[in-house]
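The values are calculated or read from the model by the stated rules, or taken from the named source; none is laboratory data. Keep in mind it's a predicted model, so treat the numbers as computed, not measured. Heads up, the Cβs are rebuilt from the backbone with ideal geometry, glycines too, and the neighbour counts pull from every protein chain shown. For accessibility, only protein heavy atoms count, side chains too; no ligands or nucleic acids. Shrake-Rupley method; radii C 1.70, N 1.55, O 1.52, S 1.80 Å.
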Amino acid sequence: MPKTLVPDFVFDTFADITVEFLKKQNVKALLCDVDNTLSPYEHAEPNDAVRAWIGEMQQGGIKIALVSNNNYERINTYNKEMKLVAYADAGKPSRKCYFKAAKDIGVDIADCAVLGDQLLTDCWSARRLGIKCFIVPPIKDKRDLFHRFKRAVEKPFMLAYKKKNK
């Protein structure tokens, strides 16, 4: 099974990722997806838990950037209060915005990890960058045909992760 889509770590939620864990992994920055990773699509702004977690990361010396395939309006509204480096319409699994985000936050791409909910965009991006990938289950998964198909394609890779980490 190709390792391209097998994540390095799977967490129940973004909040399970700690500064201590990231430092043990030699990660200095997280390049985070937004929708279904940090917040459901329907939440225009981050909730208190997201803001607190990002604050903990920053206080612990971990830099955060947002890299999303959603549109500029959505990401600008979401990021308005936090004022993080953020890229919308990123075209993931393209690497372009990840390189820009790492440069903008002042870290080498090798010191970053990708956090997301999708193997076909987030994990594949991380693999193409040669960096770690942390996956969380989607907060509120879309159930249309396209998303059900994507989750079906992801299933063997998630099973490979579980087998590898027994």
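Of note:
- Residue 150 vs. criteria of a type outside the set (A, V, I, L, M) and at pLDDT 95 or above: no
- Test: residue 63 is out of contact with any helix residue (DSSP H, G or I) (no Cβ under 8 Å at 6 or more places or on another chain), of a type in the set (D, E, K, R) and open to solvent by 20 Å² or more (accessible area, probe 1.4 Å): no
- Taken over region 138-152, the criterion of being open to solvent by less than 50 Å² (accessible area, probe 1.4 Å) and either more than 19 Å from residue 38 (Cα to Cα) or without any contact (Cβ under 8 Å) to a residue 24 or more places away in the chain (or both) is satisfied by 147, 150, 151.
- Only residues that are touching a Lys or Arg at 6+ places or on another chain (Cβ under 9 Å), assigned to a loop (DSSP other than H, G, I, E, B) and open to solvent by less than 70 Å² (accessible area, probe 1.4 Å) were counted in region 14-58, giving 8.
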